[in-house]
Amino acid sequence: MKKQLLCGLIGLFSAQAALGMDLVESYEKALSYDSGIAAARASLDAQEAGADVTRSALLPQVGAYGNANHYDIDGPNQDNSYKSFSYGVQLTQPLFQADAWFAYDAAQLQTEAARAEYNLAQQQLILDVAEAYFNVLRAADTLTATEAAENAIQRQYEQAQERFDVGLIAITDVYESRASYDDATSRRIAAENDLDIARERLSRLTGEYAEDLENLEQDFPLMRPDPMDPQVWETTALEQNWQIETAIRELQASKANLKEAKAGHYPTVELNASLGRQRLDNVEVSTPTGLGGQQDGTTTEGVIGLSVNVPLYAGGGISAGVRQQRSTVEVRDNNLATTRRDVRVNTRSLFRTVNTNIETASALDQTIVSRRSALDATLAGYEVGTRNIVEVLDAERAYYVALRDYANARYDYVVNSLRLKQAAGTLSPQDILELNKWLSATAPGIEALANEETTLDDPTE
């Protein structure tokens, strides 16, 4: 009877494609396609350029000037017309400009915040691709289990119809079988839709709709987090988590902006220097004798000096700016405290979740064997009339649910392990490479478990 139950699964599973896209290929495609990582990179570039802009205010400003003028003077004692040409270079060097220094400091810290956000975006892309990839495998295994359940229940429905026709069972057994078959069909349709949606979500990241993906090897090890100490993971997260790093840099930048706002009350000192030449043509000048004359010539002028500007009153704008930035500092400080609390709780929770996933998968592995044994025993009892069709159908559903739940537990372990590393700030593309070693185009999915024939020993024998 067992062989009859499982033979339909073998034919169903053998129809799967032999080749598929692996996790590394999916990640590489996402790196070049995903707009989120591109936006984070562009934001970092923009912030780096902004820091250069603020630095320029601290460096010497050198410019050249030139003027050409024509003068026509017509008065009671003077009638003159002449030309003036001047040109030269001028230099301005800030000597003391506190607001510019603090603005540059804030821009550098904002650049570090943008770099932390970019690193966080890189980690998030790794997690998003892995989660989308394994969600496709999860949906494919769910569809496999629902299809196999539908086929098995269909056979039970057909057998029930045959037994009713010869008068061995009541019509209620036929109705129960048909209802279970209709329910299995609806679940299969829903699973097909879920698989299509999972593939679409992966294609959103990679830009390519993948029909087939490489499967996780059946002997993939479910290993405990290393080290097995949640306090160590929490400490690492508080030191390396990129969300915390971003919040720290944003707080520091806000404090620098506050200093910049306060510096609006400070005086500024600049060094000014210029060197120029002026040429005059046909300038009429007076002489001691009262006679006029024409004078042409070129003069050279060099100037060097200091300029001091002391703000006395700016309409209250400086004080208002200080209050604004002080409130911003308070907001950033609270955001940092919240981020630290969230990361601490999330890290410890993920540590426990990963360990729970391992224990759940181990228990479900044994559940499959138990459910298979119960199904075989129920089918045997149904053949001799000691079990009814409802019990058979319930055993069928429970068996395939156990298969699906076990597959889900394995995928949950993989994704949550990556989430734990992201929380700790240690997630990197190397994790993708290591995980990809356990993927294979020839690896079976959930069918490997369905095709096993291991059952529990009969305690009555």
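Every number here is computed from the coordinates shown, using simple stated rules; none is lab data. Keep in mind that what you see is a predicted model, and the values were worked out from it rather than measured. Cβ placement follows ideal geometry from the backbone for every residue including glycine, while neighbour counts extend to all protein chains displayed.
Okay, here's what the table says:
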item: Two-site label geometry, TYR87 and ASN193: point separation in nm, points 7 Å out along Cα→Cβ; result: 7.9
item: Cβ-derived FRET efficiency at R0 25 Å, SER32 paired with GLU239, nearest 0.05; result: 0.20
item: Dmax and Rg, reported as Rg then Dmax, of the stretch 300-431 (C-alpha, Å); result: 33.3, 121
item: Kirkwood-based shape ratio for the chain, expressed as Rg/Rh from alpha carbons; result: 1.34
item: The chain - charge dipole about Cα centre, Lys and Arg +1 at Cβ, Asp and Glu -1, debye rounded to 20; result: 1720
item: Within the chain, longest stretch free of exposed chymotrypsin sites (Phe, Trp or Tyr not before Pro) [DSSP loop, at most 12 other beta carbons within 10 Å]; result: 1-208
item: Equivalent ellipsoid dimensions for the stretch 369-410 as semi-axes, Å, which come from the Cα gyration tensor, largest first; result: 23, 9, 4
item: Least to most buried among VAL53, VAL174, VAL232 (fewest other Cβ within 10 Å first); result: VAL53, VAL232, VAL174
item: Residues of type aspartates and glutamates that LYS437 reaches as a straight line, Cα spacing below 16 Å, ignoring anything fewer than 8 places off in the same chain; result: ASP22, GLU25, GLU28, GLU214, GLU217, ASP219
item: Förster radius 35 Å - calculated FRET efficiency between ALA64 and ALA320 (Cβ-Cβ, nearest 0.05); result: 0.35
item: Radius of gyration, Dmax [the stretch 209-285; alpha carbons; angstrom]; result: 32.7, 105
item: Inter-label distance for ALA443 and LEU95, nm, one decimal - labels placed 7 Å from Cα along Cα-to-Cβ; result: 7.1
item: Distance from the stretch 49-65 to the stretch 334-370 (C-alpha centre basis), Å; result: 52
item: Rounded Å value of the spacing that divides the Cα centres of the stretch 83-106 and the stretch 222-270; result: 34
item: Where GluC sites (Glu not before Pro) fall in DSSP loop in the stretch 117-213, at most 14 other Cβ within 10 Å; result: GLU208, GLU211
item: More than 20 Å apart - percent of Cα-Cα pairs taken over the stretch 157-244; result: 71
item: Extension gain, ASN272 back to VAL53 (0.36 nm per residue minus Cα-Cα distance, nm); result: 76.7 nm
